[in-house]
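Report on the following structure.
The values are calculated or read from the model by the stated rules, or taken from the named source; none is laboratory data. Remember, it's a predicted structure, so these values are computed and weren't measured experimentally. Surface accessibility is based on the protein's heavy atoms, side chains included, excluding ligands, DNA and RNA. Shrake-Rupley method; radii C 1.70, N 1.55, O 1.52, S 1.80 Å.
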Amino acid sequence: MKLITSIIKPFKLDDVRDALAAVGIQGLTVTEVKGFGRQKGHTELYRGAEYVVDFLPKVKIETAVSADMLDTAIEAISNAANTGKIGDGKIFVTNIEQTIRIRTGETGPDAL
């Protein structure tokens, strides 16, 4: 089992959710986050005053998948979140040692 954590632009959330649903990924967790990568923020103008936006709004999507669905899920996220511009985001993959469904007590891949 693998945990896929994706950091993407907020306006791409619906596209990524639909792409994951199309390949059979059922559950995900979404968190609104702020951060920066290579783009290091940007300068904006508000009422004539310039200010620096260091941390840009992003969305973090987490979903647990079986190992055989990993490549399909990564491809779906990558294709849906891609704009071709700086700041498209990152995808991180980590191992899951154990999963337990609280309601039924199912464990392992059955709990996904």
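Could you work out the relative contact order of the chain, using alpha carbon pairs under 8 angstrom and six or more residues apart, expressed as a whole percent? List each step's numbers first, then the result.
Numbers: 185 pairs, mean separation 46.4, N = 112.
Taking the mean separation of contacting Cα pairs over the length of the chain, I get 41 percent.
I'd like the projected area of the chain, averaged over all directions, using the convex hull of its alpha carbons. Report it in nm² with one decimal.
Values: hull surface 34.1 nm².
Result: 8.5 nm².
Give me the count of lysine pairs in the chain whose alpha carbons sit under 21 angstrom apart, restricted to pairs 8 or more positions apart or on different chains.
Total qualifying Lys-Lys pairs in the chain comes to 26.
With a 1.4 Å probe and all protein chains in place, put K9, K34 in order of accessible area, largest first. All intermediate terms of the calculation are to be shown ahead of the outcome.
Numbers: K9 35, K34 150 Å².
Greatest to least solvent exposure: K34, K9.
Which residue, I74, I61, I100, has the most motion in a Gaussian network model of the chain that connects Cα atoms within less than 10 Å?
Result for the chain, Cα springs under 10 Å: I100 fluctuates most.
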